[in-house]
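Laboratory data are not the source of any read-out in this text; all were calculated from the coordinates shown. Computed from a predicted structure; not experimentally measured. Here the Cβ is made from the backbone with ideal geometry for all residues, glycine too, and neighbour counts use every protein chain on show.
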Amino acid sequence: MKITIPFIFIFLLFFVLSIVAQDQKPGSVSSIPSSDAEYLSVLKEYTLNADGSLDYRYVKEQKLLTYRAFQNLYGETFISYNPDFQKLTINKCFTVMADGKKVETPSNAFNEILPSFAAGAPAFNGLRDMVITHTGLERGAVINLDYTLHTAKDNTPAFMGNEVLAETEPIKDLTIKVKVPQNEKLFFKLVNGAGEPRKVVETGSRFSFGMFRI
Amino acid sequence: MKTFILLFSLCLISLKIHAGGPYQELLAKAGDGLKYPNDAQLVIFDSTMVDMQESGLTYVVSHTLSKVLNSKGAQELSAIKYGYDPLSAYIEFREVNIYKKDGNVIKIDLKNMMDYPAPAHAIYWGAREKMIAVGRLEPGDAVEVVLFKKGFTYALLQDDDDKYIPPMRGHFYDIVEFFDSNPVLEKVYKVGIPKSKTLQFQFYNGEAQVSSWIEKDKVVYTFSKKDLVPFKSESRMVALSDIAPKLLLSTSPEWKTKSLWFYKVNEDFGSFESSPEIKAKVSEILNGAKDEQDSIARLTHWCADEIRYSGISMGCGEGFTLHKGSMTFTDRCGVCKDKAGMLITMLRAAGFKSYPAMTMAGSRIDYIPADQFNHCVTVVKLHNGKYKLLDPTWVPFIRELWSSAEQQQQYLMGLPEGADLGTTTISDPANHYIKIEGNTELLADGSLKGRFTIQAEGQSDAAVRGLLKNYPPEVWFQNIEKEILKLWPQAIVTKADYTDPFAYRESTEKISIEFSIPGFAAVSGKTLMFTPLSAAEIFKSFQGQLGFETDLAERKYPFRDRCSRQVSIHETMSLPANSRAGRVPGSLNAGGNAASYKGGYTLKGNTLEFTSKAVFAKRIYETTDWPEFRASVEAQNKFSEKAVVIEL
């Protein structure tokens, strides 16, 4: 099948990916971590399939360092989607507690809700947020989450994305992959930073890779 | 085109447009936006008919007719939605009709009803909503809704209609608000109770027309009230349900029955069974515990801090049943009842006798034993035989075991011997002190330099600690800095000291700021005019009383603060050499037992001192307390408005 839609990606680079020491003003308490959490790794993988459908895969390993991290910030993951043309698959979800104990996220921790912005709006009643309530959280715990969101073909004007390469917490290893069929051209630009993606032709595959690894 | 014509024809058939209707005269007489200029909708009638079965199951039909008064009302009524919990309740739209202003009646096709997961925050129990899109309305249009409901908020049983039977089987209760945000011309509540049951009821905060008669095997009670007008709220007043007309009904004979039931339902479920992992954790937590109080404190704070507030459903039984301790221990999350249950499990594992209790955060529980609860807590039996309340939900990083933000609040313990409704006591304001101490030096050029320290305890400590604890460490300095900058934007904060906000069990939070403020005093020749920071409401955000508007000369309704509080402020200011008093405001003494304020200046040589002490004795205040409360706040405010003048 010939795919005619353009493939455009824009990457915005902000210099907050690694742990950046703030100006330490007098009075800081040395025992307090400098951030609430850190991402041990994050993978964002976009795939344009040959039939025009799209896959977005997100994988994270996130270590929680403070009470605020699990009480206020990262206890739940919200994934917005439209079930009419998107299918969400949770590939893996578990927590490794500080003592190494693995806690699988139970089935009752996956709950669909109507996004609050769609409340009372019949036309947007089909939208959903999948709320993942991460269990077994404590200081030192690592959240492991891996999901894929498949979007049926003909629902977006183009295969495109806009990734801001910045998070509110430090990331040790961020990888962004964009997979497109070899016969298609991918337009992309890295804004506010320098660097070229590593391009790999996957052996025996119809895909080529565009990859940033920071 | 053919498809369009077919769809249009189907729409015409399904909408069944016709003129006239049973309520045209009623709607015409009801009034419009001119008669109700401040309201969006007018509820013509709001009728509820409840049919109680022997099992406690109720079939409810509600019937409302609401008229659109303006565009806001049109928007509000354009979609009709009701929430329900599918585990224990069933709702069904029976009829939705639009009565157009021109006399046409549009019957809404109920096949288009939407049934979907409800928006949620923090509690993800699978609640759902059903919605009918009414569409565009105009002022003068009206919407009629007939809704059938059966069921309950909570589920314990799961066989056919059984799942809709309330957890306290065979009993029925209801809380019916006879107030609304819109004007209501007539509200009627009718309930049929089996003759074998005894219904207790009371109409609070007003009067209603009441009747009862026998209809076959039921006693039918009817309560009705006409011309309900929206309440005019007063700032910081108690909850509307405390002062607005409401009806409470219950077939439960007394609170003790409810207490015994609550005890048994959780014991039968095994909510508090321990596990080797829990016992090991309890041993770890209690290693080195000094005494009974220390053990209780350690376990309470562990549950408060380590079990985060986030609700996931255990399915059948969710609601009144507390999650098993093993489940919460693994999940490390839950709502109030699950945090309470975790603490009960741990206390029992440590050898204590401990039970759950229900309470109502935010409003009063009246004495008819209808379930007026929204919160669950823990009780522990001390060695002296007394029960002590613990709230692991409300005390994360707070130096209390029972939150004093819940003083003067009703509660019901689920005890093996049963209990009556109780009320928590007032917490001494000294338990929630704030001490602000300043040492400053005013220079002849009008600049000020110095250091201020704030230290607090109890709920006040929690507020001060929150300045740090609730934010990422990198903004702590800025947060402290802002306390000066919002008074004096040109201030230069040179140093901020603070104790570890997470080490709350070790010490109260203490924050100090060193600063200089160029141009602090207005200088005119040899005259300097200024208001000391201590009098100018430094650290105002931690003094809840200063957030009260004092415009109201008197109040119609009781009012509330977050907690009782005692505020002591003292500043010693060194003045330039040879300063003389131009104008130094005197002292003020205001208030009485409910609230009081005493403060003022002294000038000795080149040292100016400002000292004040304010006491706010309660959380819930009566209307008669307002003059004292108001006078105390105004006295403190007056000092911020009166500058000191000195001559060099």
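Where does the charge balance sit around B:L382 when Lys and Arg score +1, Asp and Glu -1, over other residues with C-beta under 10 Å from its C-beta? Here the charged neighbours net out to +3. Placing +1 on each Lys and Arg Cβ and -1 on each Asp and Glu Cβ, with no other charges, gives chain B a dipole about its Cα centre of roughly 460 debye.
The GluC sites (Glu not before Pro) of the stretch B:583-648 that DSSP puts in a loop, and whose beta carbon has at most 14 other beta carbons within 10 Å, are B:E622.
Just how many % of Cα pairs in the stretch B:426-512 lie over 19 Å apart, if you round to the nearest whole percent? It works out to 44 percent of all Cα pairs. Per residue, the convex hull around the alpha carbon atoms of chain B comes to 225 Å³.
Annotation for B:K604 and B:A553: the two label points, set 7 Å from Cα along the Cα-Cβ direction, are 4.3 nm apart. Length available on full extension from B:E54 to B:M113: 0.36 nm per residue minus the Cα-Cα distance, which gives 18.0 nm.
With only the Cα atoms considered, the protein assembly as shown has a convex hull volume of 230 Å³ per residue. Electrostatic bookkeeping for B:A142 treats Lys and Arg as +1 and Asp and Glu as -1; over the other residues with beta carbon under 10 Å from its beta carbon, the sum is +1. A cut-off under 10 angstrom between Cβ atoms defines the neighbours of A:V131, and their net charge, with Lys, Arg +1 and Asp, Glu -1, is -2. Within the stretch B:257-425, the ratio Rg/Rh, alpha carbon atoms throughout and Rh by Kirkwood, equals 0.93.
In this simple spin-label approximation, B:E186 and B:A28 carry label points 7 Å from Cα along the Cα→Cβ vector, and these lie 1.8 nm apart. Separation of the alpha carbons by more than 22 angstrom is noted, of B:K29/B:K187; A:K92/B:K279; B:K107/B:K187; B:K29/B:K149, for A:K92/B:K279; B:K107/B:K187; B:K29/B:K149.
Averaging the sequence gap over all C-alpha pairs within less than 8 Å and six or more residues apart, then dividing by the number of residues, gives the stretch B:430-647 a relative contact order of 24 percent.
Pair-distance distribution of the stretch B:430-647: all C-alpha pairs, bin width 10 Å, starting at 0; shares per bin in whole percent are 8, 32, 33, 21, 5, 0. When the P(r) is computed for the stretch B:491-566, the part past 20 Å accounts for 60% of the Cα-Cα pairs. Within chain B, helices built from complete DSSP H runs that reach 18 Å or longer along their own axis (Cα positions) and carry a mean Kyte-Doolittle hydropathy of 0.0 or higher are B:2-15, B:336-349. Along its principal axes, the stretch B:392-452 has C-alpha extents of 72, 20, 12 angstrom, given from the largest down. Among the listed pairs B:K256/B:K339; B:K486/B:K618; B:K482/B:K540; B:K35/B:K225; B:K225/B:K256, those with a Cα-Cα distance over 22 Å are B:K256/B:K339; B:K486/B:K618; B:K225/B:K256. Taking θ as phi - 60° and the Karplus parameters 6.51, -1.76 and 1.60, the scalar couplings of the stretch B:318-323 work out to 5, x, 7, 8, 7, 4 Hz in sequence order, x denoting glycine and proline.
Any chance you could tell me what percent of the C-alpha pair distances in the stretch B:20-115 go past 20 Å?
48 percent
Please check which bits of the stretch A:64-90 a label hung off A:D146 would reach, taking the label as a point 7 Å along Cα-to-C-beta and the cut-off as backbone N under 18 Å. Only A:88-90 pass the distance filter. Cβ crowding within 10 Å, taken as a proxy for footprinting-reagent exposure, orders A:L43, B:L137, B:L412, B:L343 from fewest neighbours to most as A:L43, B:L137, B:L412, B:L343. Taken over the stretch B:19-251, the percentage of Cα pairs per 5 Å bin, counting from 0 up to the bin with the maximum distance, is 1, 6, 12, 15, 17, 18, 15, 10, 5, 1, 0.
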